[in-house]
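Just below is one structure, and these are the notes that go with it.
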Amino acid sequence: MGSKGGRLVGKQNQERRAAKKRRDGRRRGPDRVRSGWADHPGGSPSDRSGPGRSETPPGRSVPDFRYVLITAARAAGGRATSGPPDDLRDVLIEVARHNSSAAVSLIVDEVFAEGLSYVWEGGWQPAEVARAVRRRRSSLHSDLAVTSVAAAHARIATAPPPEWSAQLRDLDAETQWWGSGRDWLGPWALRSGLSWTEGLLIATETLGVILHLPVIESILPPPSQWSAGVGSVRRSGAVVDDAVLDKVRALLAKAEGTTFQHEADAFTAKAQEMMARHAIDEALARGTAGHERRPPVVRRVAIDDPYSRAKGSLLAGIAAANGVRSVWDSEFAHMTVIGFEADLEAVDLLFTSLLMQASKAMLSKGRVVDPRGRSRTRSYRQSFYLAFAGRIGERLAVATRQARVDAEREIGSEILPVLAGRQEEIDEATTRMFPKLRKGSGLSITNEDGFRAGRVAAELATLGPIQERLDVTG
């Protein structure tokens, strides 16, 4: 009896040691487990870290990898900076090892393609998806998202719209760089210097961001609405006088390049005056017989940190002065602008130029501290941007009003109902896109020095009407 009891205790001890060994192996995590993909780029793992190596104990079923992947991704998507919970991560890796690398890669590819299709139908564009992943996670996650975008687009036979194609080019997502197959996860992990397990976890976290993206306003038609000829057709409402925009670009380039402030003031003010007058002339042309009437169009402008919301207030002021409506999304830090094509082009040009001028003036101050030596740099710079934006908006509005007065004096009072009707179209388009739009609260000025400096900088970049002929050489 004692001998039998000893054997029983010994067997129990062996089982406990085996269980402890399994737990210790899981605790080591993905960083300790190297992949066989480094030696076998084709995706056939050569060690126990890759798929297809684990054996299922008798009587135990293996969960479906697709289900586990989506579950882990959804859990990771709800966690701001970390991956899926440890227990889900362990299950994900364990189940992946019970499948071949080809099966795992195929499932990852399919789930990403389905997720991307869903968010594209929900209003997102390729560049916006990559940016959202980068904001929520990292540039490494964003790079994987771009690879998944390239894989998904390789399946679409219809040519995308020009704007969509431009985004793919900018992302370098036009071709399958990993080859002709659907296993992009393995080659991506190899290229990124990651183990198989690390690559799978990065993919899971990236998928989590994509699956948590909300439905937003649709600006471009999604792939399901592309037709055979869509690739050769420009955006609806694309009536842009390139000659005018070229002149505006040249004026703003001179404003940015000169070392004399009065010259920069004159160049920038002239650019705004030219844009305002062009908008009036186009509005009058739209009202003539035989002129094709095109509706307002929509764009989303990404505004990156730091101080994205304060920078957004500058864009909002520029848009308002040019008859363009703007809606800020604080979660994803982008501004939706609604207006006519030429106005949107002009707003984009002026925003880019003024943001550069504001940043140069702000950074010249350097680090800011209070009398006790505590840093006040952030509050100073945010207050600077807000003050700059507020004063620039006032100046632009003055320039626009003056341009309208001049046009009314030259053309007559019939211009007023034309401009009013033009604004009504933009307001109606905004209401259709944002039926529940409410005015939000702005940021507060928290640094008086930054506020004063921002107002001064905006004052130096005076955008009022030109009262004298430009006489600048060089």
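The values are calculated or read from the model by the stated rules, or taken from the named source; none is laboratory data. Remember, it's a predicted structure, so these values are computed and weren't measured experimentally. Neighbour counts run over all protein chains shown; Cβ positions are idealised from the backbone, glycine included.
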- [ ] May I ask you to say which residue of Glu128, Glu110, Glu94, Glu55 is surrounded by fewer than 16 Cβ atoms within 10 Å (Cβ to Cβ) and at pLDDT 95 or above?
- [x] Glu110
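Condition check: closer than 28 Å to Thr430 by Cβ, among the aliphatic types (A, V, I, L, M) and assigned by TED's automatic domain parsing to the domain that holds Glu94. Does Ala189 satisfy that?
Considered against the rule, which asks whether it is closer than 28 Å to Thr430 by Cβ, among the aliphatic types (A, V, I, L, M) and assigned by TED's automatic domain parsing to the domain that holds Glu94, Ala189 comes out as no.
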TODO: For the stretch 444-466, enumerate the residues that are at pLDDT 70 or above and part of a loop (DSSP other than H, G, I, E, B).
DONE: Ile445, Thr446, Asn447
- [ ] With the condition kept exactly as written, say whether any residue in the stretch 171-178 is part of a helix (DSSP H, G or I), more than 24 Å from Val337 (Cα to Cα) and in contact (Cβ under 8 Å) with a residue 12 or more places away in the chain.
- [x] no
Task: Residues (over 15 Å from Trp164 (Cβ atoms) and aromatic (Phe, Trp, Tyr)) located in the stretch 103-136 - done: Phe112, Tyr118
